[in-house]
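The values are calculated or read from the model by the stated rules, or taken from the named source; none is laboratory data. None of these values were measured; they are calculated from a predicted model. Reconstructed Cβ throughout: ideal geometry from the backbone, glycine too, with neighbour counts over all protein chains shown.
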Amino acid sequence: MMSDAITIRAANTADAAACLAIYGPIVQTTAISFEATVPSVEEFAARIENSLSAWSWLIAEKEGRCIGYAYGHSHRARAAYQWSVETTIYVSAGYQGQGVGKTLYTRLFTELARLGYCNAYAGVAQPNEASMALHRGVGFDYIGTFRSVGRKFDRWHDVAWFQRKLRETPP
């Protein structure tokens, strides 16, 4: 169970550097993210601003320090997809497996459902058993795998896809 000292709040563009402190090493050393280079603080701030324009971006903090974040973003651009959302989550290595991800996602699902989104989707680059367990643990169902869809570090990687119902119908 998560400590009471951890708070969840809405992000703002000033959180970009703190989020990048978590995300940057993932980009540089893993295939969890398919980005090849770490984005600038300005680019990351623009991503936060974009997410806040129609979805939600949440920060988990402990003692005033960002230890994780989760956000919603566009699933697909066509009008028929307007009630579906893709989600992304990252938790600092020292806080994984302590309920931070579950708490972030639970709050994110509430926010996205309030905004009218009906279905959430998440892609998990393989291998990543911890993320697979997190997604299953918060109610996502595995729906399939895109085989060899991303190439990073001179090898192909699969992405497992998950779906979670947020609400039955749009508002």
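Here are the numbers for the structure shown:
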item	result
Strands (runs of 3 or more DSSP E) lying entirely in the range 1-87 (those with 1 or more residues that are polar (S, T, N, Q))	6-10, 65-74
Any chance residue 65 is within 16 Å of the chain's Cα centre (by Cα), at pLDDT 95 or above and among the charged types (D, E, K, R)	no
Test: residue in the range 6-28 that is closer than 24 Å to residue 149 by Cβ, of a type in the set (Gly, Ala, Ser) and crowded, with 18+ Cβ neighbours inside 10 Å	no
Residues that are aliphatic (A, V, I, L, M) and crowded, with 16+ Cβ neighbours inside 10 Å, drawn from the range 116-171	120, 122, 124, 125, 132, 134, 138, 159, 160, 166
Qualifying residue in the range 36-46 (condition: surrounded by 14 or more Cβ atoms within 10 Å (Cβ to Cβ), at pLDDT 95 or above and closer than 24 Å to residue 126 by Cβ)	yes
Failed condition for residue 90, given (1) farther than 16 Å from residue 8 by Cβ; (2) part of a strand (DSSP E or B)	(1)
Single residue of the range 57-115 satisfying the filter (among the small types (Gly, Ala, Ser) and touching a strand residue (DSSP E or B) at 6+ places or on another chain (Cβ under 6 Å)) that is surrounded by the fewest Cβ atoms within 10 Å (Cβ to Cβ)	84
Set 166, 104: member being among the aliphatic types (A, V, I, L, M) and out of contact with any Cys (no Cβ under 7 Å at 6 or more places or on another chain)	104
Single match in 110, 103, 88 (criterion: in contact (Cβ under 8 Å) with a residue 60 or more places away in the chain and among the polar types (S, T, N, Q))	103
